[in-house]
Structure formats: C-alpha cells, structure tokens
C-alpha cells in the first residue's frame, strides 16, 4: 500500500465503512463537565463493532485490498483489539485471518478473536522467535497479506473516519473549536483523527494521551523525532503499549498534534469508574487515558470544550470489577 | 392531564423532545445472537440523559405543562430513575423540583437527584406518613404539580418516543417483524412502546419483562385485569418494583402486549455481565430483565428477531463490581 493517508483516503474509507462500521455516539454528562471545568464530550468507540475503534481501520484495510489478494487471507499481530477488528472484518468478508498474539494477551481478547473465526498463533514475548518472524513465515507460506496495526495508510484512513464523525457531531452541538484528546499507542487513531479534523474542523487541536512509563509519543513530539519507550514492556494498558510512534503515523502527529498528555494509573482507574457511573460505559484501561487526561490535565489544554476518545472497552471483567470496587487504584 | 396517550400524543412528545433527549443506539453483538439463537437488538436507554429512559417521560410531561403552572414547580415520587429524569428536566427548564424518595433508595440515585438541583424529601417506607400524603401536602402548600412515574398520558407519550426510534432503527436493519421486550414496572415504557409500534411497526409484538416475585403485569395480562404483587416489597431490581400495573397503562398493555416474561435473579446478573462484556454497557438489575428474557426465554417468543430495552444504567458501583466478579449470582 504505497498510498499516503490524507483527507481523500479518509473520505474514501468512510464510503467503504458506511453501513459496516457504527457511527458511535458523542456523549456528555453534567457531572463530567463539572470535574473537567469545561464542556466535555466523549466519543464512545467502545460501542464500535468488536468493542474498539480498531474495526474501522481493519475494515478499511481489508476492503482496500485487491479481491484476489484478500481472498488468500490476512495476518495481523496484536495483543487484542486490532486482532478482533481484523478477525471480525475477515469473518464478515469470508476470508481467512491468522492472528499472532502474545501468550499473555488478555484472555477475553484471545477468546473473542477465536470466536470471530480467526486462527490464533501465540508466541512467547521472551522466546526465540519474534512475532515479525512468525508473521513473515505465514506470509510466505500461505500468501497472507499483513495488516499492520497502525503503520498502514489504509488503517490510518479507517481510524480517521472517527475524526470525521467527531467534527460533524461536535458541529451539531455548536462546537467548532475544541481540544481533542486521543488514546495513543502507535498513533493510528490519533493521526487519523488529526488528518480528518485538519480538513473538517480546523479549529480543533489534537493531543495524544498516554500512560506514565509509556510516553514515547509525548517525548517524540517534544523532541521532534521518534523516541522509543525504554521502561517496562507491560502494564495494565495493554491496548496502547507500543514501542514507539510509527513511521507512517509520526510525521502526521509531528505536523498536527501535541503536546502529549501523560496520565497515571490511578487517574486511569478513576476515569474508568467515572465512565461507568456517568456514561454507563465499560472502558478498558488503554481506552480510558484520554478521558483521564480530559478530566485531570486540563491545564495542558487551551480554554474551551474538550473532546476525548473512549477507544476500547474490552476490559477483563475481573479487572473491571476490582476497579469499580475501588480495589485496583 | 385528561388527554389519552396515542400515536398523536407520542409524535407530539417526540417533537418536544427533539434535540433535548438523545436518540439512543440500537446495538447488537454476534455473541448475544448466538446465545439467543436469533438476531438480538438492544435499545441502549442507559445512554439516555440521566442514565435511563425516564428522562423522556419527564421532559414530555414538564414540557406539556402550561408555563405558569410549570414555573411553580413539580413534585415526584421515585426510588431513583424517574426522580433523576424529573430533576434534570426541571433543572434544564429552570423550575423547582421536589422529589419524595424512600430512605433506602440507592445512594447513587439520591446523590444524583440532589446534584440535578432537586430538593429531596425522604420518607420511611414503614413510617406513619405515606409518600402520597407527603406529596399531597407539598402540592397543596407550594402549588407543585405532581408528575406521576407512569400513570400519566404525557409520561407514557414520552416513553413512547423510544418505540418510534425502535421502529425506525429496526427498519434501517431490514427488521419489521420482531418480538420486542420491555423492562416493566408500572408499565409506562411498555405501554408507550406498544402504542408507538402499533402505528409504526405493526409486525412487532411487545412483551413486558419482570423479575420473579414481582410479576404483577404478567399475571394481570393472563387474568385480563389488574393484579397486585403480594410478595416482598424489596428486591435488587429497585427501578421496576411497583405494586401493580397502572390505571392508565394497563388498558394499553391488555390490548396490545403479552404474554409477560418472568426472569430470575441469576438470569438478571448474567444479562448484566453480558451487557458489560458484549455491549460495553453498565446496566442496572431492573434495566437488564428484558435482555435476560431475550437471552434465556426465547421459548416464550414467536420466531424471528428480538429487540429488548436496556432501560436503566444507574447501578450501584459496588453491586456492579460484585456482579462482574461473579459474586452476586
């Protein structure tokens, strides 16, 4: 895929996603406005098919493949949400999907990926074979096409459809100037939203939100060049723990976004609790960092309304129970 | 309010609610289809303002009052969801609201009702003064208008707007024949939906869902006359524990709905867990009985798709945590 992500590729993706992906609601609560000290809107991507925005990018990428190539099947690496998005899109399109997942991926996500008809190949993070080697072998042996989780113009374009909806739904509420905060791993959602808003809501500025210890994007934006995470590889925010911003995504982020906002584990859990009590939504840790940033880091934002993504809701039920009971903070 | 609820009063309510109430999404999950053994759609009223469908009826009733009467304020009895709906509608309209709540109403609901600016008057269920006496005194002393939770044509008409949306959203998915299950307390939502569907989706049949021990509506429909609950007054489904079908609602239910479906406490909790893991929604016990009926009592339904309301999401966080952890089943 040599095309470059742009408003044109996002609009083309939106046409392919029409009737396939959900238009997710933009929600609000006077209780959250009060905490944030400003109007707060939450883009409920937890209500997207497969429980995260990843279905958008997956559908966009698979539907952009030449039919004969698509028919041979696809392969993806993912700890869970991209896995489910690709597996479900492939299932609906009737093509094979192989998903390479770490052995310690959350149980619910592995089970769901299998239930969507995908073949799951697990690997040991500390083992001899990297996921890239496993993927390369599968590509070569079976003619599968690799669907990258974020460094792919068609994936970024699919995530950008979330930005088109934000612009339209905010305008319906009279909001054209706002800070927009996106949960950020490799930057696919953040870059897609930023490109969409550049064209359709130029009064909005996009900020990536990341967890403490995994602030590669914030540091990369501050430095103006790609910086990697150097700390632990694991954390409760499994959905967004990527090693560094992508080669496709970072130039977009660097041109359009920032500064990045970094939130703590406690802030993440409090955002999860508030999403449940005030918006009635189950949000996973990696999907709650933008809400945490909007609620607790308003000092990093321009005045005016804030819009945040609730990117994923595939929380482990036990973890969600502990968070709701106040035992995981 | 001497008007009788009809498709005309529902359409008039829809016009008054436009831009004020949310159009809530109709959601689905292949996992729930599999359990139900048929296509299942869930009307996510937990995403309505104040976390339940009650905001529809409250806004409908308050907006239908003559302005001079409305300005004097309103009074309502409620254990929580009608309370919040009336309080929030009154707050937005800038009129006083007094809510009479039992002392043992769920904490979150009492706190929210106060936070929406209402004056909360509590009473002891076992005490000397009935809530009716307290309400009558408040009406007389302050000129407040009583907003009944279900036995009011304007309230039923507001709840009916949920039915208009169900008809439209189902038709968008190609569904015109279906079983529709509504969580049923006094019958306001069930009656409103039934009236709306009679006119806009005559191929749909409405069934009330109730919890074991509080099956007054199911028994009333079977008998053809109003039957009261005779068992315990309390249960985990606080939102829908009414003594008997209403004088306004029962004739509508009797003409258009049934048979009623009765679900157990365990089925309620399993529906809450599935709503959280499969739809990413927090649903309270009283709001989960229709989903429980759709998932586990398909034998009571005609063949074909089933549509259920998720009526309310104001679950006590501690209870929700216990349910998610499997400790409350």
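The values are calculated or read from the model by the stated rules, or taken from the named source; none is laboratory data. These numbers were taken from a predicted model, which means no experiment stands behind them. Using ideal geometry, Cβ is built from the backbone for each residue, glycine included, and neighbour counts are taken over all protein chains shown.
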TODO: Return only the number of the condition from (1) outside any helix (DSSP H, G or I); (2) modelled with pLDDT of 95 or more; (3) away from chain A (no Cβ under 14 Å) that residue B:283 does not satisfy.
DONE: (3)
TODO: Say whether the condition of being more than 14 Å from every other protein chain (Cβ to nearest Cβ), closer than 27 Å to residue A:164 by Cα and in contact (Cβ under 8 Å) with a residue 24 or more places away in the chain is met by at least one residue in segment A:104-114.
DONE: no
Open item on the list: So, residue A:192, is that one buried (at least 17 other Cβ atoms within 10 Å of the Cβ), at positive phi and in contact (Cβ under 8 Å) with a residue 60 or more places away in the chain or not?
Closed with: no
TODO: All but one of (1) within 14 Å of chain B (Cβ to nearest Cβ); (2) surrounded by fewer than 22 Cβ atoms within 10 Å (Cβ to Cβ) hold for residue A:311, so report the exception by its number.
DONE: (2)
TODO: Return the total of residues in segment B:87-98 being farther than 12 Å from residue B:59 by Cβ and buried (at least 21 other Cβ atoms within 10 Å of the Cβ).
DONE: 2
Open item on the list: Given the criterion closer than 17 Å to residue B:190 by Cβ and in contact with a helix residue (DSSP H, G or I) (Cβ under 6 Å, 6 or more places away or on another chain), identify the matching residue among B:271, B:292.
Closed with: B:292
Open item on the list: Let me confirm something: among B:101, B:1, which residue is modelled with pLDDT under 95, surrounded by fewer than 19 Cβ atoms within 10 Å (Cβ to Cβ) and in contact with a helix residue (DSSP H, G or I) (Cβ under 9 Å, 6 or more places away or on another chain)?
Closed with: B:1
Open item on the list: I'd like to check something: does segment B:65-85 contain any residue that is part of a strand (DSSP E or B) and closer than 14 Å to residue B:115 by Cα?
Closed with: no
Open item on the list: Just to check your reading of the model, which residue among B:281, B:274 is surrounded by 24 or more Cβ atoms within 10 Å (Cβ to Cβ) and within 21 Å of residue B:35 (Cβ to Cβ)?
Closed with: B:281
Open item on the list: Any residue at all in segment B:253-270 that's within 14 Å of chain A (Cβ to nearest Cβ) and crowded, with 24+ Cβ neighbours inside 10 Å?
Closed with: no
Open item on the list: If a residue counts only when it is farther than 19 Å from residue A:300 by Cβ and more than 17 Å from the chain's Cα centre (by Cα), which helices (runs of 4 or more DSSP H) contained entirely in segment A:143-261 have at least 3 such residues?
Closed with: A:153-172, A:188-200
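For every residue, the table says whether it meets (1) within 24 Å of residue A:151 (Cβ to Cβ); (2) buried (at least 17 other Cβ atoms within 10 Å of the Cβ); (3) away from every other protein chain (no Cβ under 13 Å).
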{"site": "A:6", "(1), (2), (3)": "yes, yes, yes"}
{"site": "A:9", "(1), (2), (3)": "yes, yes, yes"}
{"site": "A:15", "(1), (2), (3)": "yes, no, yes"}
{"site": "A:27", "(1), (2), (3)": "no, yes, no"}
{"site": "A:33", "(1), (2), (3)": "no, no, no"}
{"site": "A:37", "(1), (2), (3)": "no, no, yes"}
Open item on the list: Condition (residue is within 14 Å of chain B (Cβ to nearest Cβ) and surrounded by fewer than 23 Cβ atoms within 10 Å (Cβ to Cβ)) applied to segment A:62-69: is it met by at least one residue?
Closed with: no
TODO: May I ask you to verify whether residue B:127 is surrounded by fewer than 21 Cβ atoms within 10 Å (Cβ to Cβ) and on the phi > 0 side of the Ramachandran plot?
DONE: no
Task: Selection within segment A:296-329 - in a helix (DSSP H, G or I) and in contact (Cβ under 8 Å) with a residue 24 or more places away in the chain - done: A:296, A:298, A:300, A:317, A:319, A:320, A:323, A:324
TODO: Evaluate segment A:217-232: report whether one residue or more is crowded, with 22+ Cβ neighbours inside 10 Å and farther than 13 Å from residue A:262 by Cβ.
DONE: no
Open item on the list: For segment B:115-124: of the residues being within 14 Å of chain A (Cβ to nearest Cβ) and assigned to a loop (DSSP other than H, G, I, E, B), which is surrounded by the fewest Cβ atoms within 10 Å (Cβ to Cβ)?
Closed with: B:117
TODO: Pick out the one residue from B:271, B:275, B:288, B:293 that is in the same structural domain as residue B:183 (by TED's automatic domain parsing), touching a strand residue (DSSP E or B) at 6+ places or on another chain (Cβ under 6 Å), assigned to a helix (DSSP H, G or I) and closer than 22 Å to residue A:49 by Cα.
DONE: B:275
Task: Filter pass, residue B:260 being in contact (Cβ under 8 Å) with a residue 40 or more places away in the chain and either in contact with a helix residue (DSSP H, G or I) (Cβ under 6 Å, 6 or more places away or on another chain) or over 25 Å from residue B:325 (Cα atoms) (or both) - done: yes
Open item on the list: For segment A:105-132, give me each residue that is in contact with a strand residue (DSSP E or B) (Cβ under 9 Å, 6 or more places away or on another chain) and farther than 19 Å from residue A:50 by Cα.
Closed with: A:121, A:122, A:123, A:124, A:125, A:129, A:130, A:131, A:132
Open item on the list: Can you tell me which condition residue A:36 does not meet? The list is (1) under 16 Å from the mean Cα position of the chain (by Cα); (2) assigned by TED's automatic domain parsing to the domain that holds residue A:289, and all the others hold.
Closed with: (1)
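For (1) modelled with pLDDT under 95; (2) assigned by TED's automatic domain parsing to the domain that holds residue A:17, each residue gets a yes or a no:
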site: A:139; (1), (2): yes, no
site: A:156; (1), (2): no, yes
site: A:172; (1), (2): no, yes
site: A:176; (1), (2): no, yes
site: A:194; (1), (2): no, yes
site: A:198; (1), (2): no, yes
site: A:202; (1), (2): no, yes
site: A:226; (1), (2): no, yes
site: A:232; (1), (2): yes, yes
